[in-house]
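As structure tokens, the structure follows; a few thoughts come after it.
The values are calculated or read from the model by the stated rules, or taken from the named source; none is laboratory data. Being a predicted model, the structure only gives us computed values, none of them experimental. Here the Cβ is made from the backbone with ideal geometry for all residues, glycine too, and neighbour counts use every protein chain on show.
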Amino acid sequence: MRTETLRRGTRFGVILFLCAAAFLAAFGQAAFASTLTVRVLDVGQGDSIFVGFPEGGAMLVDAGTAEAGPKVVETLRSLGAEKIDILVATHPHSDHIGGMLAVLDAFSVGKVWDSGYVHGTRTQQLFLKAVLDRNIRFGRPKAGFSEEFQGVLIEVLAPVKPISGTNSDANNNSIVLRLSFGEVSFLLTADMEKEQRRTVRRFPETTVLKVAHHGSHNGTDARFLEMLRPKLAIISCGAENPYGHPHREAVALLEEAGVDLFTTIGGDVVVETDGVAFAVRKAVAPEKPEAAGADPIIGNRSSRVFHVSSCDGLPSEKNRVYFKSAKEAEKAGYRPCGRCVQ
Ligand SMILES: [Zn+2]
Ligand SMILES: [Zn+2]
């Protein structure tokens, strides 16, 4: 486990820092097993959110564009994911489901949740066919549905009912999820716009908000933020995207509400919580060894043996775990390979 670097936001940074410090002081690294991690991936313009559950389960909410698919797969592998228990397609836009084919090829999937909105695009047809071909359980959960998974409550807040005649019906029929673990909660709003927002009678208070529709002006309003009272907001968008996301109006509303704001531009945003406090950091590079300096040590997750990178007996990519040194590998309980490490 790498050391945490806590980034302080512009406003309420001190409070956040204290929360994070309390979290680290109380739990350190030993208790990471009982941590809920929500990682909003840097997929450029699009959405992909990885959820690591306290007992090792995994959920992926959207998979970015087709171009981002391989990066999503690589990130999930670097995090040690082997199976995706719940794969959610919030709505059929290509910046949310374009990467699904890469994900379905790389991981076994327990079940798929789909918005049920039929877009009729080739991207959606290929996605649905890939799910069908693999015989994966498939559901279209609606508002009111909930499931407890590894101590985390997953609630579906939308869709409440089918919506049509809006600027983007695909966006307005999104699956909106709330995750709660102890006292800390996350609202994943997909690309919900104002019409869908109005169909949800009440949004419960939420600790962390994945801002709707890449920070578009139609994804956020003052009343909504008053209901949520979020402490932290994360906008998933690409640098200099053609839509001008995040829009000034949305950012201004979040700032007025005193919310600490992160974007995925330049790196994943990682939030970890023990159910009481939370820590947030920006992961600038994939969690692999630093390029500079010593040769990385590569461990095999299943045999618990470690190798130097030139060894001809290296484990397959998905079984690898990287260490900075042989000492670090030994400390983690790995033993040296008899062939490559003397
Ligand atoms: Zn989108
Ligand atoms: Zn969309």
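Answer yes if at least one residue in the stretch 119-128 is in contact with a Ser or Thr (Cβ under 6 Å, 6 or more places away or on another chain), within 16 Å of ligand 2 (Cβ to nearest atom) and of a type outside the set (A, V, I, L, M), and no otherwise.
Yes, that holds for at least one residue.
With the requirement that a residue be touching a residue at least 60 places away in the same chain (Cβ under 8 Å) and away from ligand 1 (no atom under 16 Å from the Cβ), what does the stretch 152-179 give you?
Once the filter is applied, which keeps residues that are touching a residue at least 60 places away in the same chain (Cβ under 8 Å) and away from ligand 1 (no atom under 16 Å from the Cβ), the stretch 152-179 yields 152, 154, 179.
Given the conditions (1) within 16 Å of ligand 2 (Cβ to nearest atom); (2) at negative phi; (3) in a loop (DSSP other than H, G, I, E, B), which single one is not true for residue 190?
Here residue 190 meets the rest and fails (2).
Just one of 44, 52 is of a type outside the set (A, V, I, L, M, F, W, C), within 16 Å of ligand 1 (Cβ to nearest atom), out of contact with any helix residue (DSSP H, G or I) (no Cβ under 6 Å at 6 or more places or on another chain) and within 30 Å of residue 266 (Cβ to Cβ); which is it?
The match here is 44.
Show the residue pairs meeting these rules: Cβ distance below 7 Å; 6+ apart or different chains; first residue within the stretch 96-115 and closer than 12 Å to residue 63 by Cα; second residue polar (S, T, N, Q) and within 16 Å of ligand 2 (Cβ to nearest atom).
96/90; 97/123; 97/124; 98/65; 98/123; 99/48; 99/65
Evaluate the following for residue 157: is it more than 16 Å from the chain's Cα centre (by Cα) and either more than 23 Å from residue 213 (Cα to Cα) or among the charged types (D, E, K, R) (or both)?
no
Confirm whether residue 149 is in contact (Cβ under 8 Å) with a residue 40 or more places away in the chain and either surrounded by fewer than 22 Cβ atoms within 10 Å (Cβ to Cβ) or more than 21 Å from the chain's Cα centre (by Cα) (or both).
Yes, satisfied.
Yes/no per residue for (1) surrounded by fewer than 22 Cβ atoms within 10 Å (Cβ to Cβ); (2) among the basic types (Lys, Arg):
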{"residue": "158", "(1), (2)": "no, no"}
{"residue": "189", "(1), (2)": "no, no"}
{"residue": "192", "(1), (2)": "no, no"}
{"residue": "210", "(1), (2)": "no, yes"}
{"residue": "217", "(1), (2)": "yes, no"}
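Can you spot a residue in the stretch 320-335 that is at positive phi and touching a residue at least 24 places away in the same chain (Cβ under 8 Å)?
Yes, because at least one residue in the stretch 320-335 is at positive phi and touching a residue at least 24 places away in the same chain (Cβ under 8 Å).
If you scan the stretch 76-96, which residues turn out to be in contact with a Phe, Trp or Tyr (Cβ under 7 Å, 6 or more places away or on another chain) and within 16 Å of ligand 2 (Cβ to nearest atom)?
Answer for the stretch 76-96, where residues must be in contact with a Phe, Trp or Tyr (Cβ under 7 Å, 6 or more places away or on another chain) and within 16 Å of ligand 2 (Cβ to nearest atom): 88, 89, 91, 92.
Test of understanding: among 226, 240, 249, 195, which residue is in a loop (DSSP other than H, G, I, E, B) and more than 14 Å from residue 177 (Cα to Cα)?
240
How many residues are acidic (Asp, Glu) and farther than 15 Å from residue 177 by Cα if we restrict to the stretch 199-223?
1
May I ask you to verify whether residue 133 is over 21 Å from residue 227 (Cβ atoms) and within 16 Å of ligand 2 (Cβ to nearest atom)?
no
Within the stretch 198-216, work out how many residues are more than 14 Å from ligand 2 (Cβ to nearest atom), part of a helix (DSSP H, G or I) and out of contact with any Lys or Arg (no Cβ under 9 Å at 6 or more places or on another chain).
Here the count works out to 1.
Against the conditions (1) part of a loop (DSSP other than H, G, I, E, B); (2) touching a Phe, Trp or Tyr at 6+ places or on another chain (Cβ under 7 Å), where does residue 315 fall short? Just the number, please.
Just one mismatch for residue 315, condition (2).
Just checking, which of 195, 155 is assigned by TED's automatic domain parsing to the domain that holds residue 271 and within 16 Å of ligand 2 (Cβ to nearest atom)?
That would be 195, the only listed residue that is assigned by TED's automatic domain parsing to the domain that holds residue 271 and within 16 Å of ligand 2 (Cβ to nearest atom).
Among the residues of the stretch 195-206, is any surrounded by fewer than 24 Cβ atoms within 10 Å (Cβ to Cβ) and more than 21 Å from residue 154 (Cβ to Cβ)?
yes
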